[in-house]
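A short worksheet on the structure shown next.
Nothing in this text is a laboratory measurement; each read-out follows from the coordinates by a stated rule. Model, not experiment: these values are computed from the prediction.
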């Protein structure tokens, strides 16, 4: 009566893609945050041109916001990685149960 649906939990929920994307964004923002913090140490407020604008950005709240978003993305990536690893284990258990039920039916 009901059609059995076979799908892989590790591919259909896209957790593998999302944890990689989240970790990439988090690490990228962390890299930008570190560069801005280092530049604030090296660049003086009496600089001119591009260096002066870089100094203003690094002293403002934008740098702190980038750091906060970086931590959020990394934390979400770690949580989604945990879910991904649990889905992989669940998929392996489902395959074992499916093989066992095939042996019983035969």
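Estimated purely from DSSP H runs of n ≥ 4, each contributing -39500 (n - 2.57), the mean residue ellipticity at 222 nm for the chain is -28500 deg cm²/dmol once divided by its residues. Helix 15-42 and the long axis of the chain differ in direction by around 10°, with both axes built from C-alpha atoms.
From Cα pairs below 8 angstrom and at least 6 apart in sequence, can you work out the relative contact order of the chain, rounded to a whole percent? Mind showing how you got there, number by number?
Numbers: 84 pairs, mean separation 43.0, N = 106.
With pairs under 8 Å counted, the relative contact order is 41 percent.
Recomputing Rg/Rh (Cα atoms, Kirkwood Rh) from the coordinates shown identifies the correct label among (1) 1.75; (2) 0.97; (3) 1.37 as (3).
Between the helical axis of 50-59 and the longest alpha-carbon principal axis of the chain there is an angle of about 60 degrees.
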